[in-house]
1. Run through the other copies and list how far each one's label point is from that of residue C:63, in nm with one decimal, shortest first; the point sits 7 Å from Cα along Cα-Cβ.
2. Relative contact order for region C:196-316: what percent, with Cα pairs under 8 Å and sequence separation of 6 or more?
3. Name the residues whose placed amide hydrogens come within less than 5 Å of the amide hydrogen of residue B:258, ignoring near sequence neighbours (fewer than 5 apart) on the same chain.
4. Return the Rg/Rh value of region A:53-95, two decimal places, where both radii are evaluated on C-alpha atoms and Rh is the Kirkwood radius.
5. Report, as an integer, the average count of C-beta atoms from other chains found within 10 Å of each Cβ along C:228-240.
6. What residue among B:264, B:240, B:176 has the largest mean-square fluctuation in a Gaussian network model of chain B, using Cα springs under 10 Å?
7. Return the percentage of antiparallel bridges among DSSP beta bridges fully within the protein assembly as shown, rounded to the nearest 5 %.
8. Out of the DSSP beta bridges found with both residues in region A:8-308, what percent are antiparallel (nearest 5)?
There are 4 protein chains.
Amino acid sequence: MPPLLHDIAHLGHVELLTPKPDESLRFFTDYLGLTENGRSGDSVYLRTWDDYEHHSLKLTASTTSGIRRTGLRASSAEALARRVEAVEKAGLGVGWIDGEPGIGPTYLFRDPDGHEYELYWESERYRPPAELRPALKNQAQAYPARAFSVRRLDHVNYLAANAEANGSFACECLGGRVTEQIMLNDGTISAQWVHFAQKSYDLVWTNDWTSSSGRLHHIAFATDTREDILRAADIAVDRGVFIETGPHKHAIQQTFFLYLYEPGGNRIELCNPMSRLIFAPDWETVTWSEAERAKGQAWGLKTISSFHTHGTPPVR
Amino acid sequence: MPPLLHDIAHLGHVELLTPKPDESLRFFTDYLGLTENGRSGDSVYLRTWDDYEHHSLKLTASTTSGIRRTGLRASSAEALARRVEAVEKAGLGVGWIDGEPGIGPTYLFRDPDGHEYELYWESERYRPPAELRPALKNQAQAYPARAFSVRRLDHVNYLAANAEANGSFACECLGGRVTEQIMLNDGTISAQWVHFAQKSYDLVWTNDWTSSSGRLHHIAFATDTREDILRAADIAVDRGVFIETGPHKHAIQQTFFLYLYEPGGNRIELCNPMSRLIFAPDWETVTWSEAERAKGQAWGLKTISSFHTHGTPPVR
Amino acid sequence: MPPLLHDIAHLGHVELLTPKPDESLRFFTDYLGLTENGRSGDSVYLRTWDDYEHHSLKLTASTTSGIRRTGLRASSAEALARRVEAVEKAGLGVGWIDGEPGIGPTYLFRDPDGHEYELYWESERYRPPAELRPALKNQAQAYPARAFSVRRLDHVNYLAANAEANGSFACECLGGRVTEQIMLNDGTISAQWVHFAQKSYDLVWTNDWTSSSGRLHHIAFATDTREDILRAADIAVDRGVFIETGPHKHAIQQTFFLYLYEPGGNRIELCNPMSRLIFAPDWETVTWSEAERAKGQAWGLKTISSFHTHGTPPVR
Amino acid sequence: MPPLLHDIAHLGHVELLTPKPDESLRFFTDYLGLTENGRSGDSVYLRTWDDYEHHSLKLTASTTSGIRRTGLRASSAEALARRVEAVEKAGLGVGWIDGEPGIGPTYLFRDPDGHEYELYWESERYRPPAELRPALKNQAQAYPARAFSVRRLDHVNYLAANAEANGSFACECLGGRVTEQIMLNDGTISAQWVHFAQKSYDLVWTNDWTSSSGRLHHIAFATDTREDILRAADIAVDRGVFIETGPHKHAIQQTFFLYLYEPGGNRIELCNPMSRLIFAPDWETVTWSEAERAKGQAWGLKTISSFHTHGTPPVR
């Protein structure tokens, strides 16, 4: 595997599509505790309380659900140039466009499965208005304290016709590294978890059972504690938010999780990594077999079957 | 400030001196939950359950307390070469030595204050014996489940005659970045928190009120949850472990903390970062004034006076 | 000590006075997560999400702060009759009055210090309106999920010219028992913690340094977890709620605590008992000496001096 | 339903049978954190760190598994006399025997299903030896800090040919009250949760699908926090302790749970009640229908099928 470059600083933001924009917006603001930071056309910009950038979620009204685009911030102008060059060499570049609010020149590209990404370096630091100013100045914004309030957009899990081709692309063109993966009995790699620095994963590709392209398995938001997630489950039940599975702990990556569907149909994970980080610069990819997967999640919960059948947008 | 390079992958290990080796060893094994991994001369090698390397603490019997050396792992062979060159250019290099158990060629150097460091690239991955094999193979070792058990060595806080000179050295020669610092009313920088990748700090230098050199303020171990730290406080009281201050939450870096003295006199922090990481590649150093510091810690606890008078080794 | 009778089922509600009714109301609803359940004159009735009765807090606009009355529910009609008889025999009865909303015939009395109480048996079970209906029917009301949301009114701590006389009254006339107390070097009992069933304390009397009568030290609300209290501290700092001391763990009763002042000046404790209950029907009162108290709270925090100087209403 | 009498102070202890005494003992001491407090014949007496009595678990080597006897402490000598009279009147008394270590005159009786119980008033308060003395004197014993350490024996869940007959017996003869129950579509009460004071349940009877008598569904130990249970699950997996289901939250009683089998085959629940207590002296029994049960546990987890097939001792 190529070395970890840290040329991608972090996952910046995603654009999520929803056929039920009002209900989805309420889900993200009243339940997840995101804060609105502007609108444009059919889109609302939303931010978590620890986002140092303008937003991490662009919620767009659409005829269907799914993810339209993922934004990745480069670690420097040079890192951006290097990554653009690598992507273009791989023939997956689209070209430069104007950036979203708060974001400078933006390079558009696609992964082998067709998911759309943007890469950028310039990004305005968020300055909270008086009413959102935090008590501690090393925090981006006051804690919203609505329901529970997620700290950050944590990762994206894409469905892809061929997960491995996308993981390889992320390693070779973006400088990432596969920290964990699933290998089926026939040798197929059915999912790969890729990270860019010390977080143990940032982007994940999972094989799409429909062989469709460009679909989404889920986006995930991180909480500060596992107790936040247990409380989120209570509130979900009171408010009629659909719980797909959890809370429980993943065997892979050991993340504590709760899976929900937002009103637009997109799967949302609430996740807590405990203090787990990957420090080894020569980390050996952990490969899970079908037999190991059959043991279920960390504490024995069987993987729910809809995990293998629900993706967005739906496929006819 | 120079850019963040991520040439230092992470803090690897420290060598700690103790005049009470047996009691100190019991503190680290029976209370913090570290696992012994070999001995050599007057030293015992100890590891946390999530250490992928051979050890993260070398505990050495001595006439006094303090830190003898800090080990930093480079991100690659090239990164190691780059850092050695930078250190030598700064005139602070000592030279190559044989590595500690599990560690390859090692370059010795000093910070401007005289603290000793080692830099290395080659490192054997830890393979647990059968009785320490974890249920989940993406974990280095089974959770010891003695008292509470810390996940990792998290950071070192050094005392220095001039904190800023050392922070600058870490940035210029090691590729780190100052995420937070304290500036006194007269403009003196009295402490700097430096990180190497996404963890919000790895090494800290604090001005030594005695103007001594080479002393230690504390080493810190991270737990998975804040509840672990609350429980650790209960057990400390039952076992007569000295609690200096806490549990509480730092304003700086927002770390949840508990400060203890191990039997040899060294200050040990138990820390929990929640899910906080620094993602911004152009993070602006947060500077805390004396007036801000006077407000106390995050929830108002006044900084304890011994925090400004106790360091190791003691000074006559 | 007389036997524990369980004739008092539990602390039902308190009437709290505030010179800043609007700010106080916002504190209790927006910060503590109480739900308004009707108004009458200058008073607002408020309930926690797990209150099975009409309300647990009656917040009344007044020229000053303090507690006007405490409501205790009897365990049966017979228990009510027994307690009324005992109180009258002690010469501290006032007489029967009409009950508050949701509450039947009510007997008014005073403790030796002059604090006013009401005792009642009949109480309408709360039936939530549709929008507050919980998902689980063994819960009184949906979890409000505003900021953090306290589960119940937990206990009242009164200031009294002579704590012991009041504790004795609670044992002899109300059937309670002193679970813990403080004895000064001169033999004075300076505080007594009294319980009525398995909760380890329900009412507390502390000697008033001003030798005034009828004042309040604090009322306390219980949370589900310690993490709720840690989060409450974060939100307090963001919103400018005054934190007096904590979070920390009391040595006495081992309660995890955070002390705040609500805008009207009354001290409010957020408390978490862990799973601690008192089961022994012949529990021996635990007596703490001055020397033991000097060691500070459970983990060493010194008792804050305002704990001995701030009570409501203020004394000229 | 008859009124709640609080004549039974609390569940005192159980005698558990195991065909694998050495492994079972290690489970209770090394994993649950119980402390041995004497032996007698084939039995070992074990105590939790917050037991004020001599023991709460008597572990006895046997040819099979199951529960031999349950000890209940009366609230006073008079309460004991009242309960003995009521039990004798019901024709279920066995007679007086010598008490177990630390326990005075003991009255033996059976529930309608044949489970054996003992009732007693006199009980010696536990005095810890020096090495087990706690730092805080309002605690029975120092926290053992082995693995995780349960606070108390919390409740017993019996299998019975007719759950309702046993719940009624507990109410009429022991002064308890049914706080929650399950009613099948045909009107059968298939399980009843009975409490004696403020804890929301102490004894539970569940219909035995085999129509056997005297069997055990599970005994439960309470932890201080939900985090203790999450950690217990991690350690279970590392040590090969069988996890049947959980961690999750029950809809009934809202208890956070983890179900394990100890090596002797008995089902053990680790439970955390949060701060939930039942205060209403006129609590209306909450009745759950089959349709409600079909929704699964609080957050949607389906009840595991072995919950309806595994009991001890096994039935041929």
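The numbers here are math on the coordinates, done by the rules we state, and not lab data. These numbers were taken from a predicted model, which means no experiment stands behind them. Every residue, glycine among them, receives a Cβ derived from its backbone with ideal geometry; neighbour counts consider all protein chains shown.
1. 7.2, 7.5, 8.4
2. Values: 163 pairs, mean separation 37.1, N = 121.
The value is 31 percent.
3. Amide H to amide H, under 5 Å and 5 or more residues apart or across chains, residue B:258 pairs with B:270.
4. Values: Rg = 13.9 Å, Rh = 12.9 Å.
That ratio equals 1.08.
5. Details: counts 4, 0, 12, 9, 2, 5, 12, 6, 3, 11, 12, 4, 1.
Taking all residues of C:228-240 together, the mean is 6.
6. Result: B:240 has the largest fluctuation of those listed.
7. Numbers: 218 of 306 bridges.
Given both bridge residues lie in the protein assembly as shown, the antiparallel proportion sits at roughly 70 percent.
8. Numbers: 53 of 75 bridges.
Within region A:8-308, antiparallel bridges account for around 70 percent of the total.
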